[in-house]
Amino acid sequence: METSLVKDNPLLLPLNKEKTIYDGFITVQNMCFIHCFTCCNCVYLRSCRLHCCWRLKHLLRGYEHIVKQVNSASSTKPSFSLSLQEVGLKSFPECRSIPPPQYYSQLISEMETLGWAKLLFINTEFQTLRLKAEDSSGREHILTIKLKSKHPAEAPECSADLPIPLLITWTPQSTLDQLYNQFLLVLESLTKFWDVLDEIDSKTWILEPEKPSRSDTMRRIAVGNNVSIKVEVDPRHPEMLPECCLLGAEHAVTPLRNKLNANMHLWNPDSSVLHNLRDVLEIEFPSPATHEKSTFSVECGICYSYRLEAAIPDHVCNDPRCGQPFHQACLYEWLRALPSSRQSFNIVFGECPYCSKPITVKMAAQKS
């Protein structure tokens, strides 16, 4: 009995010479380790008594008959742990999975190979890790790994601040070191993309996003007072012509749009995106070296704030003598409240709150 019991439950230790009393942990369906105390009075576990912690008692409530089946066995040696496994965790699906002991030794061995200096964080369950990495340009990145209790048999969940999905190849023989090297290859494939955006961020005034992350592919660049261009860079082909959208009053945007269409063929993939944008639009972008950002951060003419949640004033009066910017949502609510305004489909027609010239705005997008 002693050999079978210890083989099934390696975390049980005998407390007497007769090896009839044990103390330690019992595994239930490889999902939970429960501290328990058992007293066994015969070689076949008949008349065995189980003294366990309250958590296991609570777990066994209503399933006592399954555990007691070990007392009715005669010719065959019953497996005490098997009877507990039959109980399972049916009534407690929310119980968290606790990995077996070999999980921790495997994790430590893999971290020794990878290098502890790369570890930024590990949670108290030793299942969520954050590893730091550098690309060839010296940018720091963080890889978050969520290991499964059956690691390495099950593939971990991986996430990082990237503009593309993080696809990792994993087999039961894979290690954290191999996973980390795959992540480095992904970073290297995106180096040119981040080089493009870093140059734009350092040499122009970015209106949106306010605090760009490494996963952001869009930049809204200030061109002039109430005029900007929204650029969407392809992470896989960052040197190619990006998607461009000019924003501002029509009298200011139309000439730039005409230049963009006429000069598009001049785009040179061997030059930087910023250099190409200058040549195609035939402009010099305002930069931190020549302009203050307050020049472009004009408040909304209705709510008198620059940012409304994540939005900035991007709807401008088309009259050159006015040019007052508004938040789309503010202008929509303002015009809708006027008795003289009218609506056709999702567009509201009315008068500018400042100069009374005709102005239109699309219906604000409804939040889900």
Could you list the GluC sites (Glu not before Pro) in the stretch 203-277 that lie in coil according to DSSP, counting only those with at most 11 other Cβ atoms within 10 Å of their Cβ?
-> GLU210
Using 11 Å as the cut-off for backbone N distance, which residues of the stretch 125-144 belong to the label zone defined by a point 7 Å from the Cα of LEU184 along Cα→Cβ?
-> 133-136
Within the stretch 223-244, backbone nitrogen closer than 17 Å to the virtual label 7 Å beyond the Cα of HIS275 toward Cβ | 238-242
What is the spin-label model distance, in nm, from THR124 to GLU250 if the labels are put 7 Å beyond Cα along the C-beta direction?
-> 6.3 nm
Which aspartates and glutamates, on any chain, are close to LYS203 with Cα under 16 Å apart, when same-chain ones fewer than 8 places away are left out?
-> ASP195, ASP279, GLU284, GLU292
Here FRET efficiency (C-beta to C-beta, ARG139 to LEU13, R₀ 45 Å, nearest 0.05) is 0.30
Pull up the cross-link candidates among the aspartates and glutamates for LYS230, meaning alpha carbon to alpha carbon under 15 Å and not fewer than 8 places away within one chain.
-> ASP201, GLU208, GLU210, ASP216, GLU243, ASP314
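Could you tell me the calculated FRET efficiency between GLU282 and GLN343, based on Cβ-Cβ distance and R0 = 45 angstrom, to the nearest 0.05? Present the calculation step by step, with values, prior to reporting the outcome.
Details: r = 39 Å, r/R0 = 0.86.
Result of the calculation: an efficiency of 0.70.
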Around ASN225, which amide H atoms from residues at least 5 apart in sequence, or from another chain, sit under 5 Å from its own amide H, with H modelled in the peptide plane?
-> none
Peptides 148-160, 112-124, 305-317, 322-334 ordered by average Cβ neighbours within 10 Å, highest first | 322-334, 305-317, 148-160, 112-124
Cβ-Cβ cut-off under 15 Å around TYR306, Lys and Arg +1, Asp and Glu -1: the net charge is -2
Net charge over other residues, Cβ less than 9 angstrom from the Cβ of GLU157 (K, R count +1; D, E count -1) = +2
Evaluate E = 1/(1 + (r/R0)^6) for SER202 and THR295, where r is the Cβ-Cβ distance and R0 equals 30 Å; express this FRET efficiency to the nearest 0.05.
-> 0.95
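A short reminder: the numbers here are calculations on the coordinates, not readings from a lab. Computed from a prediction, not measured in an experiment: that's the story for all the values here. Cβ: placed from backbone, ideal geometry, glycine included. Neighbour counts: every protein chain shown.
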